[in-house]
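Working notes, structure below.
The values are calculated or read from the model by the stated rules, or taken from the named source; none is laboratory data. In this text, all values refer to a predicted model and were calculated from it rather than measured experimentally. Here the Cβ positions follow ideal geometry from the backbone for every residue, glycine too, while neighbour counts run over all protein chains shown. Side chains included, ligands, DNA and RNA excluded: accessible areas come from the protein's heavy atoms. Shrake-Rupley method; radii C 1.70, N 1.55, O 1.52, S 1.80 Å.
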Amino acid sequence: MSNLSFGAGYWKKQLPLTVLSYLSSFIAIVTDLSLPLLTAAMLDYAVCYDPSKAAGTPDGIFGFLFTGKYGALGTMKLFLSCAAVFLVILLLRLIFIYIKNISFQRAGLRMESDLRDDTYKKLMQLDGSALSGFNTGELMTVMNRDIVMVKEMYTRVFISFFDSVTVMIVTCIFLSSISPWMLLIPVAISPALIFTLIRYARTMKVIFTDVRRAYSDINLTVQENIRGVRLVRAFANETYEEEKFRRDNYRMRDVMFRLDDKMAKYNTFFDGFMQIAYVSAIIICVFLVLNGSLMVGALTAAGAYVMKIMSHITQISQNISNMQRQTVSLGRLKNFLETESGIREYPEALCASARPHIRMENVSLTLGDKQVLKNITLDIPYGKKVGIMGGTGSGKSVLLKSLSRVFDVTSGEISIDGQNVRKYALDALRNEFAYVFQDVFLFSHTIDANIAFYDPEAPEEDVRDAAETAQAARFVEKLEDGYETVVGERGLGLSGGQKQRLSVARALMKRAPVLILDDASSALDMATEKKLLKAVKEKTPENTLLIAAHRVSSVMDCDEIVYLQDGEIVERGTAKELISLGGRFASIYRMQTADGQLDDSSYGKED
Ligand SMILES: Nc1ncnc2c1ncn2[C@@H]1O[C@H](COP(=O)(O)OP(=O)(O)OP(=O)(O)O)[C@@H](O)[C@H]1O
Ligand SMILES: [Mg+2]
């Protein structure tokens, strides 16, 4: 689908308002353009009436005013009648301009909100790999700037083009009614003008592609610096970051210089055209007045019409420039909205079970050109507690995410109750799992709203209960506003361990049959971690529990522990079996325990 027809799909939805705005615009233009004709007739036949020079009474659209019914020629009464008609036309014009503005702006805002809705839905729907093709700066530019640009193009710019073309056609008709000779100027300058406008459009498209790229880059740098401001300060790396920002900023400035330069050159050219056309029109008029085929009033009207045509040529050139900028945005927006998620839903999707039996058989996964999981086989009947250990980058998080199809495995099969996970409806599949992700994210909202994220209507006791199980209740209750304390970016700063506990509470509220803790207690002291895991297991003794961790204390009680290395299971068994095996797990166990016993006596005092 071409870019223009893609945008037209959204525009079409606003057809009634669009038709209304175009109709009102047309009426406003015709009324506006009729005014010079009325002024000319008023000058020649009411204000400066000279029977020796006048060739009969005027005809055309205002002929009815000069039949004598509204005052004899050259009288005050006729002048007042003309003035009254003038005022009525002026009023009509204002009313229609108002209707036009209201209707096209409404249509535009509706189109903008439809586009924003779809972009947001797409953002939510795209899987991890598809999203990684867009950096944050690009996404912010698409969601903020591109959408507005596209709206402006389909509403403001299109109607402005329509206005200009209408003005030119109607003006040519009115001009030819004064004297066909007046058409000489528009006809003579058209070829050169069209040629220049096409060149202008091409030049602008190239520059605006660079402008958008510079804008997206600067957006990314600003975004990263806002998020990483503390890190930058902590590393005393301000100079480097300032330098990086300055580079982006100067690149933006240079592109804008180039843009302004080209615009100034072309605008001078268009202004030159305008001046030449105006002077030529006056010369033609003077000749026509001198040889008696035109009256002086008509000369003023002709001058006004030529100026109208020329000012709309300037408007067209501006619109071409705007449209080139907007077409670049339209292309980027279309590209994003047409990006397909790699994760497809099965046509006749299955519903999920409340007691899922998960099986991974010979599962391998390649991301980019790296194999991150290799021949993983794991049987997880409902209720089993599995610990996943392994060095950093060994594939723990990827393994856990592949269960709910954040990544689709490359070979092998993940099944639930004997059916491939791909056969389940995505929503149903994801409702089987409650994740506590490794990188905790809290919304800028109250603690209560963050915990009750899955079910905002959940009763207060449930929220408190989840907080209690996650060992978060005591620190929350100590806060001045308790559960109403706003956290996240705009709120209170929390420690890493506090955030992790809120994140566990949030996952518990989902009451999914499988709870996944991905390094979810790494920031907790061992005693609190122990209490948390104990409480979770007591709360939901039946549920499946999958724990990825670096600390042996997190997985000690699990029914099975697998040890990953480079995406492969290299050791498996219970903690006891692995310790007696004397392999990697055993050596970590020895390292993390003072004398072979997990030491947690001195921790857990915070609460
Ligand atoms: N979205 C992604 N695209 C490409 N590669 C990825 C992606 N996510 C993770 N990887 C790669 O997969 C490998 C395993 O990553 P994973 O996050 O599973 O490690 P981990 O065992 O959880 O490490 P850690 O203990 O540090 O959390 C790493 O090499 C990582 O670079
Ligand atoms: Mg991880």
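Cross-link reach is defined here as a Cα-Cα straight distance under 23 Å, omitting same-chain residues fewer than 8 places apart; for Lys205 the lysines meeting it are Lys151, Lys262, Lys265, Lys334. For the chain, what does the relative contact order come out to in percent, with C-alpha contacts under 8 Å and a separation of six or more? Worked out over the chain, it gives 13 percent.
Compute the angle between helix 158-178 and the longest alpha-carbon principal axis of the chain, please, reported from 0 to 90 degrees and rounded to the nearest 10. Rounded to the nearest ten degrees, it is 10.
In this rough spin-label picture, where each label sits 7 Å from Cα along the Cβ direction, the Leu109-Asp261 distance is 4.1 nm.
Rounded to the nearest 0.05, what FRET efficiency do Lys534 and Thr574 have when you use their Cβ-Cβ distance and R0 = 25 Å?
0.90
Take Phe162: with every protein chain present and a 1.4 Å probe, its accessible area is about 60 Å².
Just subtract the alpha-carbon distance of Val486 and Ala72 from 0.36 nm times their residue separation and send over the number in nm, one decimal. Intermediate values should be presented prior to the final figure.
Details: separation 414, 0.36 × 414 = 149.04 nm, distance 7.95 nm.
Computed gain between Val486 and Ala72 is 141.1 nm.
Taking amide H as placed 1.01 Å from N in the peptide plane, the amide H of Leu373 sits under 5 Å from that of Leu365, each at least 5 places away or on another chain.
Taking the longest Cα principal axis of the chain as reference, the axis of helix 460-469 is set at about 50 degrees.
Here the gap between Phe269 and Gln438, fully extended at 0.36 nm per residue and compared with their Cα-Cα distance, gives a gain of 54.8 nm. The amide H of Glu571, built 1.01 Å from its N in the peptide plane, has Tyr563 as neighbours under 5 Å, considering only residues 5 or more places off or on other chains.
With the full set of protein chains in place, find how many percent of the accessible area of the stretch 3-115 is carbon and sulfur; take the probe as 1.4 Å. Carbon plus sulfur share of accessible area: 71 percent. Using a simple spin-label model with pseudo-atoms 7 Å out from Cα toward Cβ, Asn362 and Asn335 lie 4.0 nm apart.
Placing pseudo-labels 7 Å out from each Cα toward the beta carbon at Glu238 and Asp559 gives an inter-label distance of 5.7 nm. Between the alpha-carbon centres of the stretch 360-399 and the stretch 90-123 there is a gap of 51 Å.
Just to make sure I understand: if all protein chains stay in place, what is the order of Ser113, Ser24 by accessible area at 1.4 Å, largest first? Display every interim value, and only then the final one.
Details: Ser113 60, Ser24 5 Å².
My answer, sorted largest first, is Ser113, Ser24.
In sequence order, the stretch 39-48 has phi-based couplings of 4, 4, 5, 5, 5, 6, 10, 10, 7, 10 Hz under the Karplus curve 6.51 cos²θ - 1.76 cosθ + 1.60, θ = phi - 60°, and Gly or Pro positions carry x.
Only four residue types carry charge here, +1 at the Cβ of Lys and Arg and -1 at the Cβ of Asp and Glu. Report the dipole size of the stretch 442-511 about the Cα centre in Debye, rounded to the nearest 20.
On the way: 9 positive and 13 negative charges, 90 e Å.
In total the dipole reaches around 440 debye.
Shown for the stretch 442-511 is the translational diffusion coefficient from the Stokes-Einstein equation, using the Kirkwood radius over Cα pairs, a temperature of 20 °C and a viscosity of 1.002 mPa s: 186 µm²/s. Between the helical axis of 496-508 and the dominant principal axis of the chain, each derived from Cα atoms, what acute angle in degrees is found, rounded to the nearest 10? Around 90 degrees separate the two axes.
Full extension of the chain between Gln371 and Phe26 yields a length gain of 117.9 nm, computed as 0.36 nm times the residue separation minus the alpha carbon distance. For Cys351 and Lys12, the FRET efficiency from 1/(1 + (r/R0)^6), where r spans their Cβ atoms and R0 equals 35 Å, is about 0.40.
The convex hull drawn around the Cα atoms of the chain, when projected onto a plane and averaged over every direction, covers 38.4 nm².
Solvent exposure of the chain amounts to 51 Å² per residue of accessible area, where only protein heavy atoms count and the probe is 1.4 Å. Between the stretch 129-155 and the stretch 282-335, how many Å separate their Cα centres? That distance is 34 Å.
Cross-link pairs exceeding 27 Å between alpha carbons, from the set Lys510/Lys531; Lys499/Lys539; Lys121/Lys534; Lys423/Lys537: Lys121/Lys534; Lys423/Lys537. Each stretch of four or more DSSP H residues adds -39500 (n - 2.57); spread over every residue of the chain, this sum gives -19500 deg cm²/dmol at 222 nm.
Using Cα pairs under 8 angstrom and six or more residues apart, how large is the relative contact order of the stretch 3-337, in percent?
Details: 326 pairs, mean separation 99.5, N = 335.
Over the stretch 3-337, the number comes to 30 percent.
Mind checking which aspartates and glutamates have their Cα closer than 20 Å to the Cα of Lys576? Skip sequence neighbours fewer than 8 apart in that chain. Result set, ordered by chain and number: Asp379, Asp557, Asp559, Glu560, Asp595, Asp599, Asp600.
Each of Val328, Leu94, Met263 was scored by the projection of its Cα onto the charge dipole of the stretch 3-337, and the greatest displacement toward the positive side belongs to Val328; charges sit on the C-beta of Lys, Arg, Asp and Glu. Here's the list of lysines a cross-link from Lys396 could span, going by alpha-carbon distance under 19 Å and ignoring same-chain residues fewer than 8 apart: Lys370, Lys374, Lys384, Lys385. Note on Asp271: accessible area approximately 70 square angstrom, rounded to 10, probe 1.4 Å, nucleic acids and ligands left out. Backbone geometry of the stretch 440-451 corresponds, through the Karplus equation with coefficients 6.51, -1.76 and 1.60 at θ = phi - 60°, to 3J(HN,Hα) couplings of 5, 10, 10, 6, 6, 8, 6, 4, 4, 5, 5, 6 Hz, x marking Gly and Pro.
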